[in-house]
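The block underneath contains the structure these notes are about, expressed in C-alpha cells.
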Amino acid sequence: MEFDQFLKNLSSGQKKIGGKIFDLVVGRVFKRAYLGFDQKGKEEMEKVFSSGSNEEKDKFVQDYVPDFAKIFEEEVLKIDEEIKAEIGKQI
C-alpha cells in the first residue's frame, strides 16, 4: 500500500493526533538544538523563527542543525516509548 493511500484511510481523529505527535517531535528537536547553541546561536534562531521566511528557516536548519533527521528519529523513538508506557499504565 502506498503512503498516500494509507493516509486516505485514516480517520480525521487519527490524522489530527498524528499531526499533534509530529508537531511535538519537531518541537523537541528544535528545543534540543536551541539548548545546544551558544548565546549567538540562540539569538539567531530566535530571530529567524520569530520573523523569518520559510526559506530562511530551512537555511538555518541546514546550517545550524545538520543532524536534524537523526535528532528527529531519536525523538520519535522516545515518544513511541512514552506512548507505550502510558498505554501500559492504562491496561
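The values are calculated or read from the model by the stated rules, or taken from the named source; none is laboratory data. As the structure is a prediction and not an experimental result, all values here were calculated from the model. Neighbour counts are summed over all protein chains in view; Cβ atoms, including those assigned to glycine, are modelled from backbone coordinates with ideal geometry.
Points worth noting:
- Test: residue in the stretch 4-16 that is surrounded by 11 or more Cβ atoms within 10 Å (Cβ to Cβ), out of contact with any Phe, Trp or Tyr (no Cβ under 9 Å at 6 or more places or on another chain), part of a helix (DSSP H, G or I) and among the small types (Gly, Ala, Ser): no
- Within the stretch 11-22, restricting attention to residues that are among the charged types (D, E, K, R) and at pLDDT 85 or above, the residue that is nearest to the chain's Cα centre (by Cα) is LYS20.
- Residue match in the stretch 60-68 (condition: among the hydroxyl-bearing types (Ser, Thr, Tyr), exposed (fewer than 13 other Cβ atoms within 10 Å of the Cβ), out of contact with any Lys or Arg (no Cβ under 9 Å at 6 or more places or on another chain) and not in a loop (DSSP other than H, G, I, E, B)): no
- Some residue of the stretch 36-56 being part of a loop (DSSP other than H, G, I, E, B), loosely packed, with under 10 Cβ neighbours inside 10 Å and either hydroxyl-bearing (Ser, Thr, Tyr) or in contact (Cβ under 8 Å) with a residue 40 or more places away in the chain (or both): yes
- Some residue of the stretch 74-88 being exposed (fewer than 11 other Cβ atoms within 10 Å of the Cβ) and of a type in the set (Val, Ile, Thr): yes
- Candidates VAL25, VAL61: the one that is within 13 Å of the chain's Cα centre (by Cα) and either of a type in the set (Ser, Thr, Tyr) or within 20 Å of ILE83 (Cα to Cα) (or both) is VAL25.
- Test: residue in the stretch 82-91 that is at pLDDT 90 or above and in contact with a Leu (Cβ under 8 Å, 6 or more places away or on another chain): no
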